[in-house]
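Heads up, the thing below is written out as structure tokens.
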Amino acid sequence: MTERSERPPLGELERLARLVRWHVLNTVAQSKAGHIGGPLSMTDLLVALYFSELSIDPARPDDPDRDRFVLSKGHSAIGLYSVLALRGYFPVDELSSFDHGDSRLQGHPDMRLTPGVDVSSGSLGQGLSAGVGIALGARARQQPFHTWVVLGDGELQEGMVWEAVNSAKRFGLSNLTAIVDLNGLQQYGWAAEAGRDRFDRSEPWGHADLPMIFRGHGWNVIEIDGHSFEEIFGAFDRVREAASAGLGPSVIVARTEKGHGISFTRGTYKWHNGVADDAQLALARAELLTEPEPVAEAALLTEGDRS
Amino acid sequence: MKAQRDVWGETLVEVARTDETVMVVDGDLANSTKADLFAAAYPDRFVEVGIAEQNMVGIAFGLSTLGYRPWLSTFGVFLTHRALDPIRMLVSQTGAPVRLAGAYSGLLNGSSGKTHQDIEDLAIMRAMPNLTVIAPADEVEAAAVVRWACEHDGPVYVRLARDAVAPVLPEDYEFELGRVVQLRPGGPIALVSTGVQSSRVMQAAALLEADGVDVRVVHVPTIKPLDECSLLDALEGCSQVITVEEHSVIGGLGGLVAETLTTHGLALPVTRLGLADSWSESGPNGFLLEKYGLSPEQVAVRVVASLLVGLPTRAG
Ligand SMILES: Cc1ncc(C[n+]2csc(CCOP(=O)(O)OP(=O)(O)O)c2C)c(N)n1
Ligand SMILES: [Mg+2]
């Protein structure tokens, strides 16, 4: 997290987010397997990070001073890959190799294969510990970068996450921020209970006060709508303030919708993973890609293709 | 005689003098594992994580991405069992240079009993791709292995013992990854051992000699990657192999030796001595070694028995 120019116009970010969502649905459909709901719920957060907040250079993915990003909910890899491709880490065309044999784009993120992937993930619950270690190492090395970790709300059921939550505060890691993609659903979970759930299954943290739990661990807690770029950037600003004031780790509890942005995938656990058929692809294309400014979209694609 | 844990702590303090990448990440056991020596010498490079072994592994991995080569300090059992999944994904699958020091390995852990005894670590860790697995015999080899691991650019699991054993290697011993060490020449019966059990096997060989049974002793420090040719050379002319390990008879050294021999078409009978697919219990070292057949006397008795009974493969 270093000096950064003005935030990009919201319209541009929204268009990018729609493009990412299209690549998620379409790539998974072509590969005939993959996750949808989790990638779509975190899309706006990742677009905001990669196209505005993170101090990174796609041409130098190993820059020692870059901000680090850990996708702890590794099953949402295709969402990260789509963002990385559009940001220029590798050609957008390469997305079509997702999940295929001999591909750099594995089903779950592999830091040894994919440019821009800082930490391997896939077994849920491990990313925050890795983030704590990175942030500790950054402090020991006096490197000023910031470390970001995105976690799922179901993932927070893993005990290892809470080991890391506890450590981050003990070590006073102001250079670490967690983002919880609070999309209200996991893969299967529990049957819905009237009045306590947002969608068609029980909300993972519907029975508990998650922000209060983080506060109890001494974290700075920022609660936002994870689909509003204004609120996301407001949260990033508060993270910066807390970081420069040395207030310890921050968590952005981002209330999101699983499967957000596509009419038939939103708000249901049934699209945790799934393969869209031709009619669904056509519908999603109409919802996501009918742009008033096709020129800008083409420009974005070219930018991604470069590299 | 010095315990391997003391050697580990002291050697790290020494190496860290010139190697700034050495760090120690502890799970609230530094005063058992002897990481406290390091903590006192380099408080800035010592990370106390507390009783959270999975988290320890994740943190050590994170540190490794910044160029550090951290050592983990906890009982082996809590690494190879409690923290196995993070070891698998963040260390083994990434090849990160994280050093796993499995302290208090095997049966002898200060009477803590089966919850703390690690008799499956070799089987588990050697099944992990990318991981180097080493079980040094004594204080001399422990020091050499710790130094070697500090240099190695990849993950290492080192099996260390709590209590001292009689040294079996000369002061000027040089550890060579993969190579087995012929500790004692002898006839067609070979005792093959690993870790500190090799010291007890040497004593068993002396007892057997007194009874007129001449055995050779081969120590296998590197469980992975094994230099297979060096093992085959050491077993040249053997008619029977008896493996002895402070570990389950399933999947550890016995498995490794049997796999290696059959791979090379050597139909030597292999008798595997160790924990016979059962849990152990609390008790003083002498009691446990005696009851579970790993003391020098019991090894000698079992060797003679296996010679008298003949070959289990044919009897079976
Ligand atoms: C340790 C572990 N257990 C189980 C799984 C299988 N799994 C993959 S995604 C998932 C649900 C995750 O839910 P959540 O964290 O809420 O993610 P999101 O809703 O964002 O998809 C499960 C159980 C896994 N990858 N890792
Ligand atoms: Mg969820």
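The values are calculated or read from the model by the stated rules, or taken from the named source; none is laboratory data. This is a predicted model, so every value here is computed, not measured. Quick reminder, even Gly has a Cβ in these numbers, built from the backbone with ideal geometry, and neighbours come from all protein chains shown. For the accessible areas, the whole protein counts, side chains as well, though only heavy atoms, and no ligand, DNA or RNA atoms are used. Shrake-Rupley method; radii C 1.70, N 1.55, O 1.52, S 1.80 Å.
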Among the helices (runs of 4 or more DSSP H) contained in the stretch A:60-176, which hold 3 or more residues that are away from ligand 1 (no atom under 16 Å from the Cβ) and surrounded by fewer than 20 Cβ atoms within 10 Å (Cβ to Cβ)? A:159-170
Flagged in the stretch A:262-273 as farther than 12 Å from A:D200 by Cβ and open to solvent by 30 Å² or more (accessible area, probe 1.4 Å), in numbering order, are A:S263, A:F264, A:N273
What about B:E245, is it open to solvent by less than 10 Å² (accessible area, probe 1.4 Å) and among the acidic types (D, E)? yes
List, please: which pairs have Cβ atoms under 7 Å, are six or more places apart or on different chains, and start with a residue in the stretch A:90-111 that is touching a residue at least 40 places away in the same chain (Cβ under 8 Å) and end with one that is among the hydroxyl-bearing types (S, T, Y) and open to solvent by 30 Å² or more (accessible area, probe 1.4 Å)? A:F90/A:S307; A:P91/A:S307
Criterion first (more than 16 Å from ligand 1 (Cβ to nearest atom) and either free of Cβ contacts under 8 Å to residues at least 12 places away in the same chain or more than 22 Å from A:A235 (Cα to Cα) (or both)) does A:G189 satisfy it? no
Members of the stretch A:137-190 that are of a type in the set (S, T, Y) and out of contact with any Pro (no Cβ under 8 Å at 6 or more places or on another chain): A:T147, A:S167, A:Y188
Is it true that B:H81 is farther than 25 Å from A:S72 by Cβ and surrounded by fewer than 24 Cβ atoms within 10 Å (Cβ to Cβ)? no
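Here is a list: B:G58, B:G62, B:G50, B:G76. Which entry is open to solvent by 10 Å² or more (accessible area, probe 1.4 Å) and either within 13 Å of another protein chain (Cβ to nearest Cβ) or more than 19 Å from A:N166 (Cβ to Cβ) (or both)? So that I can check it myself, show each step before the final result.
On the way: B:G58 fails: open to solvent by 10 Å² or more (accessible area, probe 1.4 Å); B:G62 fails: open to solvent by 10 Å² or more (accessible area, probe 1.4 Å); B:G76 fails: open to solvent by 10 Å² or more (accessible area, probe 1.4 Å).
After ruling out the rest, the residue left standing is B:G50.
Taking into account only those residues within the stretch A:131-160 that are within 16 Å of ligand 2 (Cβ to nearest atom) and charged (D, E, K, R), which is farthest from the other protein chains (Cβ to nearest Cβ)? Give the derivation first.
To start, the set of residues in the stretch A:131-160 that are within 16 Å of ligand 2 (Cβ to nearest atom) comprises A:149-158.
Applying the additional criterion that residues be charged (D, E, K, R) yields A:153, A:155, A:158.
Numbers: A:D153: 20, A:E155: 14, A:E158: 9 Å.
By that ranking, first place goes to A:D153.
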Residue count for the stretch A:177-206, restricted to those that are within 11 Å of ligand 2 (Cβ to nearest atom) and not in a loop (DSSP other than H, G, I, E, B): 4
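Has the stretch A:221-238 got at least one residue that is over 19 Å from the mean Cα position of the chain (by Cα), of a type outside the set (S, T, Y) and more than 16 Å from ligand 2 (Cβ to nearest atom)? Talk me through it step by step, then tell me what you get.
Initial filter on the stretch A:221-238 (over 19 Å from the mean Cα position of the chain (by Cα)): none.
No, that holds for no residue.
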A:L128: passes all of (1) more than 25 Å from A:R266 (Cα to Cα); (2) more than 16 Å from ligand 2 (Cβ to nearest atom); (3) touching a helix residue (DSSP H, G or I) at 6+ places or on another chain (Cβ under 6 Å) but (2)
I'd like to check something: does the stretch B:221-236 contain any residue that is open to solvent by 10 Å² or more (accessible area, probe 1.4 Å), touching a helix residue (DSSP H, G or I) at 6+ places or on another chain (Cβ under 9 Å) and either of a type in the set (G, A, S) or assigned by TED's automatic domain parsing to the domain that holds B:V145 (or both)? no
Within the stretch A:249-294, the count of residues that are among the aromatic types (F, W, Y) and part of a helix (DSSP H, G or I) comes to 2
For A:A194, state whether it is touching a residue at least 60 places away in the same chain (Cβ under 8 Å) and away from ligand 1 (no atom under 16 Å from the Cβ). no
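Yes/no per residue for (1) more than 16 Å from ligand 2 (Cβ to nearest atom); (2) at pLDDT 95 or above; (3) more than 21 Å from A:R266 (Cβ to Cβ); (4) within 14 Å of another protein chain (Cβ to nearest Cβ):
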site	(1), (2), (3), (4)
A:E53	yes, yes, yes, no
A:F69	yes, yes, yes, yes
A:S76	no, yes, no, no
A:A85	yes, yes, yes, no
A:P109	yes, yes, yes, yes
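Quickly run through the stretch A:45-59 and pick out the residues that are open to solvent by 10 Å² or more (accessible area, probe 1.4 Å) and in contact with a strand residue (DSSP E or B) (Cβ under 9 Å, 6 or more places away or on another chain). Explain how you work it out, then say what you get.
Initially, the stretch A:45-59 is screened for residues open to solvent by 10 Å² or more (accessible area, probe 1.4 Å), giving A:51-52, A:54-59.
A:L54, A:I56 - these are the residues of the stretch A:45-59 that are open to solvent by 10 Å² or more (accessible area, probe 1.4 Å) and in contact with a strand residue (DSSP E or B) (Cβ under 9 Å, 6 or more places away or on another chain).
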